[in-house]
Amino acid sequence: MLTKFKISSGELARLNYERYHYPCPLVQKRLHSIYIKAMSGLSNEDVGNFTDAHRNSISEWAKVYQQGGFDALLIVKHGTNTSLLENHASSIDELFTERTSSKYWRSDYKN
C-alpha cells in the first residue's frame, strides 16, 4: 500500500539524523524506514526490502507516525518486563558476595 507523507523539511532532517544516531537499533530501523518512504514514495514492500523489515511492519510504523508523529516512533514496548527478583537484587548480591568469600573456598571448611 502506498502511503503519502507530507513531512516538513525540518522533520525530514530530524528523521535523517536520528535514523543513524538514535541509541536503540529498533527505533533506528523505524526512523530509517519512514525516512525512505517519505523521500521515495516506494511501496511498503519495497521499503521493507531496503530496510530488512516486513511490509506489515512498515505499514504499522507509517500508521504510528501519521497518528502520533516522530515521538510515537520512539516508543518501544518490547522487553519492558521486569523480574520479580528485581525487588531482592541487593540481598541476592549480598548473599552471592558472602558465599563467594574466601572462607567458603577453604579446603577445611565444613558446611
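The values are calculated or read from the model by the stated rules, or taken from the named source; none is laboratory data. Predicted, not measured: the structure shown is a model, and the values here were computed from it. Cβ coordinates were reconstructed from backbone atoms using ideal geometry, including for glycine residues, and neighbour counts include every protein chain displayed.
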message: Can you tell me how many residues within the range 53-74 are under 14 Å from residue 29 (Cβ atoms) and surrounded by fewer than 10 Cβ atoms within 10 Å (Cβ to Cβ)?
response: 0
message: Testing residue 77 on (1) outside any loop (DSSP other than H, G, I, E, B); (2) surrounded by fewer than 14 Cβ atoms within 10 Å (Cβ to Cβ); (3) of a type in the set (Lys, Arg), one condition comes back false. Which one is that?
response: (1)
statement: Filtering helices (runs of 4 or more DSSP H) wholly in the range 1-61 for at least 2 residues that are among the hydrophobic types (A, V, I, L, M, F, W, C) and closer than 19 Å to residue 78 by Cα gives 25-40
task: Pull up the range 37-85, narrow it to residues that are farther than 18 Å from residue 16 by Cα and hydroxyl-bearing (Ser, Thr, Tyr), then point me to the one that is modelled with the lowest pLDDT.
output: 80
